[in-house]
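S.K.: Okay, handing you the structure first.
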Amino acid sequence: MKFDYYVLNTYIPAADGDGPELYRKWVEQVVLAEELGFDGAWFTEHHFGRFGGMLPSPQMLIAALAQRTQRIRLGTAVVLLPMHHPLRVAEEMAMLDILSDGRLNVGVGRGMASQPYRIFGTDPAVAQEKLEEQVEILVGAWTSDPFCWQGKHYDVPPITLRPRPLQQPHPPFWMPANTSTGHSQWIGRHGFNLMTVPWLQGFEMTRQIISEYRSGLREAGYADDQREILSYLPAYVGETPEQAHVESETHWNAFVQVTDEERGAPAPNRMPYAELVADNRLIFGGAEICRRHIARITDELDVDRLALMFHFGGMPQELALASMRRFATEVVPVFR
């Protein structure tokens with residue numbers, strides 16, 4: 001099992017501070033994640049709102065972190081591809097792969113339905129079909145010279161992409177599937193790595209997503225061990241279960257409040273904090289409880305890596321860093 005660090009900020013200005021302060025916190029968190037032995041770090045693109053809007057460009061943060069780290073892999077989770085021209089993204093990712101000395105993971109997706117597509121000139125009704133065409137262009141531009149394309153949304157004359165990515169034939173490519181098993185099968189048929197969100201969708205839906213993904217892999221001739229499956233989960237490790245509850249519940253509820261603002265309404269079938277913890281959707285508790293959480297996840301979900309969100313809902317930096325340290329020293333060794 002691999003363990004990654006995940007940044008998805010629900011912005012609480014009074015607690016998180018202004019832009020410079022918040023970015024210093026993220027850099028400190030990722031540098032510590034590398035020191036603690038985390039395998040990767042992931043960053044999500046959002047715009048304008050308090051839900052993730054302080055990170056409109058994961059690529060810029062990765063460029064900065066590439067100069068402050070040496071080993072940890074750095075990835076986008078995800079770039080909202082329908083809002084961008086795929087060739088521009090291909091160029092930026094190739095540069096980042098070089099600047100990070102070949103440590104880049106590229107995750108792309110459509111994002112939530114509430115994303116401001118129209119502001120960036122994209123019709124949300126065609127975002128999915130546009131995304132699938134853009135993915136073909138991304139991979140083609142990295143691997144073909146010259147590259148050209150004629151499709152429904154893009155017409156590209158013969159070009160040579162410069163620079164070329166350091167990792168060949170291109171950086172590892174990741175895509176999320178949350179509720180559509182057809183989309184997860186499409187991801188598998190294309191031989192991409194899969195991202196899942198069991199804390200949001202639940203284990204049963206996640207199992208279906210993974211099953212259809214593996215079906216797509218086999219259909220395309222890939223072995224299961226040729227590609228990876230990642231799950232995103234929130235995590236908080238306290239000195240005791242009681243302390244973990246006291247220190248995390250308020251910040252988790254603040255996280256939920258911000259996500260509801262983004263959607264415009266509470267999510268249907270919202271589970272309260274205690275039920276989410278009991279259902280293993282939140283890896284919250286003392287070290288022993290968190291080990292049991294992960295044991296159940298590895299038993300029920302055939303995943304290769306967990307990307308864990310330790311900083312959420314305006315949590316103070318000292319609590320997030322202490323939780324990371326406890327996780328790395330008291331939880332991870334059991335699964336290595």
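S.K.: Look through region 89-119, keep the residues that are over 19 Å from the mean Cα position of the chain (by Cα) and without any contact (Cβ under 8 Å) to a residue 60 or more places away in the chain, and return whichever of them is nearest to LEU161 (Cα to Cα).
M.R.: LEU99
For every residue, the table says whether it meets (1) more than 15 Å from the chain's Cα centre (by Cα); (2) not aliphatic (A, V, I, L, M).
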site: ASP39; (1), (2): no, yes
site: LEU55; (1), (2): no, no
site: GLN59; (1), (2): no, yes
site: ALA64; (1), (2): yes, no
site: LEU80; (1), (2): no, no
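S.K.: Also: Which residues, counting only those in region 65-114, are touching a strand residue (DSSP E or B) at 6+ places or on another chain (Cβ under 6 Å) and not hydrophobic (A, V, I, L, M, F, W, C)?
M.R.: Within region 65-114, ARG73, GLY75, THR76, ASP97, SER100, ARG103, ASN105, GLY107, GLY109, GLY111 meet the criteria.
S.K.: Go through region 1-21 and give me each residue that's aliphatic (A, V, I, L, M), more than 22 Å from PRO171 (Cβ to Cβ) and crowded, with 18+ Cβ neighbours inside 10 Å.
M.R.: If the condition is that a residue be aliphatic (A, V, I, L, M), more than 22 Å from PRO171 (Cβ to Cβ) and crowded, with 18+ Cβ neighbours inside 10 Å, then ILE12 is the only one that fits.
S.K.: Then there is this: Against the definition (surrounded by fewer than 19 Cβ atoms within 10 Å (Cβ to Cβ) and either among the β-branched types (Val, Ile, Thr) or in contact with a Phe, Trp or Tyr (Cβ under 6 Å, 6 or more places away or on another chain) (or both)), how does THR160 come out, yes or no?
M.R.: Judged against the criteria, THR160 is a match.
S.K.: Starting from region 196-216, take each residue that is without any contact (Cβ under 8 Å) to a residue 60 or more places away in the chain and surrounded by 21 or more Cβ atoms within 10 Å (Cβ to Cβ) and list its partners that are in a helix (DSSP H, G or I) and aromatic (Phe, Trp, Tyr), counting only C-beta distances under 7 angstrom and pairs at least six apart or across chains.
M.R.: GLY216/TRP186
S.K.: Also, I was wondering about something else. Just checking, which of ARG110, ARG73 is at pLDDT below 95 and closer than 16 Å to THR44 by Cα?
M.R.: One residue alone meets the criteria, ARG110.
S.K.: List the residue pairs whose Cβ atoms are under 9 Å apart, where the first residue sits in region 257-275 and is more than 19 Å from ASN9 (Cβ to Cβ) and of a type in the set (Asp, Glu), the second is surrounded by 11 or more Cβ atoms within 10 Å (Cβ to Cβ) and at pLDDT 80 or above, and the two are 6 or more positions apart or on different chains.
M.R.: Hits for this filter: GLU275/ARG281.
S.K.: Follow-up. Have a look at ARG305, ARG281 and point out the one that is within 18 Å of the chain's Cα centre (by Cα) and at pLDDT 95 or above.
M.R.: ARG305
S.K.: State the number of residues belonging to region 134-155 that are under 29 Å from the mean Cα position of the chain (by Cα), part of a loop (DSSP other than H, G, I, E, B) and of a type in the set (D, E, K, R).
M.R.: Number of matching residues: 1.
S.K.: Moving on to the next point. Any idea how many residues of region 163-179 are surrounded by fewer than 17 Cβ atoms within 10 Å (Cβ to Cβ) and under 18 Å from LEU81 (Cα atoms)?
M.R.: Total meeting the criteria: 1.
S.K.: Another question, then. For HIS183, state whether it is of a type outside the set (Gly, Ala, Ser) and over 24 Å from PHE43 (Cα atoms).
M.R.: Against the criterion (of a type outside the set (Gly, Ala, Ser) and over 24 Å from PHE43 (Cα atoms)), HIS183 does not qualify.
The values are calculated or read from the model by the stated rules, or taken from the named source; none is laboratory data. All of these numbers come straight from a predicted model, not from anything done at the bench. Glycine also receives a Cβ, built like all others from the backbone with ideal geometry; neighbour counts cover every protein chain displayed.
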